[in-house]
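Just below is one structure, and these are the notes that go with it.
What follows draws every value from the coordinates through simple rules; no lab data is involved. Everything numeric here is computed off the predicted structure, so don't read it as measured data. Quick reminder, even Gly has a Cβ in these numbers, built from the backbone with ideal geometry, and neighbours come from all protein chains shown.
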Amino acid sequence: MGWPYRSFVRPVQRLQSSEGAHGRALRMLRLASSTKPGRGILRRLYRPKKAKVVNVWGLSFPNRFGLAAGMDKKAEAIRGWESIGFGFVEVGGVTMHAQQGNPKPRMFRDDRSRSLINRMGFNNDGSEAVANRIRSDLQRRGPLSCPLFVNLGKSKITPNEEALTDYTTSMERLHDVVDGFVVNVSSPNTPNLRDLQHESALGDLLSGLSKRLQELNNGVDLARPMLVKFAPDLDVDTLLGMVDVARESGADGVVLTNTTVRRGEPEHPSHGRFLSEKGGLSGAPLKSRSTALIRAVHEHTGGDWPIVGVGGISTAADAQEKLDAGATLLQAYSAFVFEGPSLVRNVVDGLDETSP
Ligand SMILES: Cc1cc2nc3c(=O)[nH]c(=O)nc-3n(C[C@H](O)[C@H](O)[C@H](O)COP(=O)(O)O)c2cc1C
């Protein structure tokens with residue numbers, strides 16, 4: 001299915017706005033996965049053949065490769081992602097309050113450099129609505145066959161001093177319908193959010209969340225882990241300081257990395273226009289920075305703190321590089337836009353199964 005996607009769907013998408021194309025693709029996947037026969041077809045077409053089950057945080061992952069945050073902000077197509085064979089799904093970012101996000105256009109694509117720039121600004125329905133949507137899906141169709149994580153952001157109207165309330169409220173609303181949380185303090189598109197990546201602010205936020213999570217986890221069979229997601233724009237020493245704070249504050253692992261606000265040199269005129277857009281850059285140009293940070297954190301923690309590696313993965317070789325650098329689980333967003341659903345099988349079936 002890679003060929004029809006590349007020859008037909010992608011050229012058509014190029015004629016459309018990036019966000020419009022994204023919305024249509026999401027609706028198609030939701031529709032295709034809304035019936036049992038539809039899910040069966042998706043599974044037959046796309047599911048990896050050589051997946052290896054991995055156990056982390058007491059959860060069983062059908063394979064190491066998951067969907068990164070931002071693709072399904074409202075949790076509209078969770079059955080679709082599961083059916084095409086992702087090993088886990090991260091929905092969101094969601095915030096305590098529903099919000100529109102930034103004005104459009106706010107998502108840009110450059111096919112030649114295989115990268116995206118976005119300044120979405122956490123457009124989402126709010127954590128109450130997202131929790132209800134997931135709950136009704138689970139009630140109708142039963143449990144998912146892969147872990148479901150939710151990315152927690154902070155509402156734009158909430159000042160940083162009240163961030164803990166915003167994140168905690170979302171955590172409480174979603175606790176019974178997800179398998180784990182990713183605390184996002186690294187999106188470049190919410191003013192001042194990345195200030196939470198400073199030691200005392202991060203420590204206060206994560207300790208508060210971890211305390212509440214322990215109380216919520218008391219009532220359930222399987223404790224939900226809490227991960228934290230950092231930006232690639234922190235220098236290595238600062239990042240390692242944040243890692244120490246996060247571990248001391250009770251975080252169970254880390255997602256490396258979010259999008260970057262840095263830009264390389266333009267390769268051609270239209271690339272220059274693309275790079276001048278404000279927001280976070282993702283895809284191929286992020287790959288080596290994200291891998292370097294994964295390696296640094298893995299060495300720093302002696303490998304006993306799980307790392308989810310994300311940034312520029314579009315082939316099995318890219319994925320393998322991140323596993324070799326110390327990642328336990330992997331995710332992608334941008335390559336899905338360029339490759340379509342066959343990305344999952346190409347990556348998972350190409351992995352070296354002797355990886356730890
Ligand atoms: C349009 C778009 C929206 C995103 N939204 C979020 C988000 O809400 N929360 C988050 O933590 N990361 C978000 N991300 C970042 C991705 O999850 C991922 O960390 C980043 O894109 C790097 O991976 P990639 O190179 O495979 O795209 C978003 C990325 C894109 C392109």
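Rounded to the nearest 20 debye, the dipole magnitude of the chain is 1940 debye, with +1 charges on Lys and Arg beta carbons, -1 on Asp and Glu beta carbons, and the Cα centre as origin. If you take the Cα centroid of segment 151-218 and the Cα centroid of segment 330-349, the two points sit 28 Å apart. From least to most packed, judged by other beta carbons within 10 angstrom and beginning with the fewest, Arg173, Arg140 follow the order Arg140, Arg173. All distinct Cα pairs of segment 63-214 go into the 1/r average, and the inverse of that average, the Kirkwood radius, is 16.0 Å. Listed by Cβ neighbour count within 10 Å, with the fewest neighbours leading, Leu281, Leu209, Leu164, Leu31 appear as Leu31, Leu164, Leu209, Leu281. Computed packing ranks the peptides 296-309, 323-336, 224-237 as 323-336, 224-237, 296-309, most packed first, by mean other Cβ atoms within 10 Å. Using every pair of distinct Cα positions in the chain, the Kirkwood expression returns a hydrodynamic radius of 20.2 angstrom. Working note: Debye formula, equal point scatterers on the alpha-carbon atoms of segment 154-250, no solvent; log10 I(q)/I(0) at q = 0.14, 0.25 Å⁻¹ is -0.50, -1.40. Ratio of Rg to Rh for segment 261-317: 1.09 [Cα atoms; Kirkwood radius as inverse mean 1/r over pairs].
Loop-resident trypsin sites (Lys or Arg not before Pro) (DSSP state other than H, G, I, E or B) in segment 78-135 with no more than 15 further Cβ atoms inside 10 Å of their Cβ: Arg112.
To the nearest Å, what is the center-to-center distance of segment 20-90 and segment 234-274, using C-alpha atoms only? Rounded to whole Å, the Cα centres lie 26 Å apart.
Restricted to Cα atoms, segment 110-161 shows a radius of gyration and a Dmax of 16.0, 43 angstrom.
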